[in-house]
């Protein structure tokens, strides 16, 4: 069997590599090239150098979207991971029906972002109408609405990752700490959290990248209103590319900048958290 695998591995690998090349690598390279061009379709692209990037950074809405997205990512990072970790701690105790609770908390992650956005918009506006306002009329309400929606959707998923990490901690370490007289708080910060760093690395990476890439929830819940003040980076790029005539190149340049930002932040976060992981 092993000899057959070694002999025929190209047959199994090449289709996957071909699909990856055609579906990702080639479009990605072509997208970078188009960010330096003015175009309506890829066949009429005209090279203009870095002009698209200059126009992108001159766009006050793009810079505002970056600030809004960064603030949203920071708040979501803290809120989602703290709540998910606390819920995971609770649901790894001897509680009746804990498997049911795990399922209930995870279920929102299975619902599409567009559906969630419109459902939560109805809920919020049903409340805010009593105060003569609406989600799309107030920047602060729009921000809080996005945080609540995304938190409600993603906390359950991160909870599952944290539960797996908690269950992987050797029980004898906890027992030894208890015998030595360590309190519950001391065990949490000296044993549990250091041994949870691989799970924390995964969850913080997913939270940060998902927050920066957020699109469908933003489109459905606020649509960037009022006056683009709740418009996140992905939605801003979409509106530039499809909502402004002749701005396809600028939208493509924004997309390349967006890619660089997400990759850079993701790599920095991975470096910072991996350095704190405990070697077992």
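Listed values, structure above:
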| quantity | calculated |
| --- | --- |
| Residue 145 vs. criteria in a helix (DSSP H, G or I) and either touching a residue at least 60 places away in the same chain (Cβ under 8 Å) or surrounded by 14 or more Cβ atoms within 10 Å (Cβ to Cβ) (or both) | yes |
| Qualifying residue in the stretch 241-263 (condition: more than 16 Å from the chain's Cα centre (by Cα) and within 21 Å of residue 112 (Cα to Cα)) | no |
| Filtered residue count, the stretch 55-72, keeping only those that are over 18 Å from residue 146 (Cα atoms) and either assigned to a helix (DSSP H, G or I) or free of Cβ contacts under 8 Å to residues at least 12 places away in the same chain (or both) | 8 |
| Verdict on residue 75 being surrounded by fewer than 16 Cβ atoms within 10 Å (Cβ to Cβ) and under 16 Å from the mean Cα position of the chain (by Cα) | no |
| Index of the failed condition, residue 152 passing every other in (1) surrounded by 15 or more Cβ atoms within 10 Å (Cβ to Cβ); (2) in contact (Cβ under 8 Å) with a residue 60 or more places away in the chain | (2) |
| Odd one out for residue 178, checked against (1) modelled with pLDDT of 90 or more; (2) in a helix (DSSP H, G or I) | (1) |
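Let's see how each residue does on (1) buried (at least 19 other Cβ atoms within 10 Å of the Cβ); (2) modelled with pLDDT under 95; (3) within 29 Å of residue 197 (Cα to Cα); (4) touching a strand residue (DSSP E or B) at 6+ places or on another chain (Cβ under 7 Å):
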{"site": "47", "(1), (2), (3), (4)": "no, yes, no, yes"}
{"site": "56", "(1), (2), (3), (4)": "yes, yes, no, no"}
{"site": "63", "(1), (2), (3), (4)": "no, yes, no, no"}
{"site": "90", "(1), (2), (3), (4)": "no, yes, yes, no"}
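The values are calculated or read from the model by the stated rules, or taken from the named source; none is laboratory data. Treat the numbers as computed from the prediction; the structure is a model and nothing was measured. Heads up, the Cβs are rebuilt from the backbone with ideal geometry, glycines too, and the neighbour counts pull from every protein chain shown.
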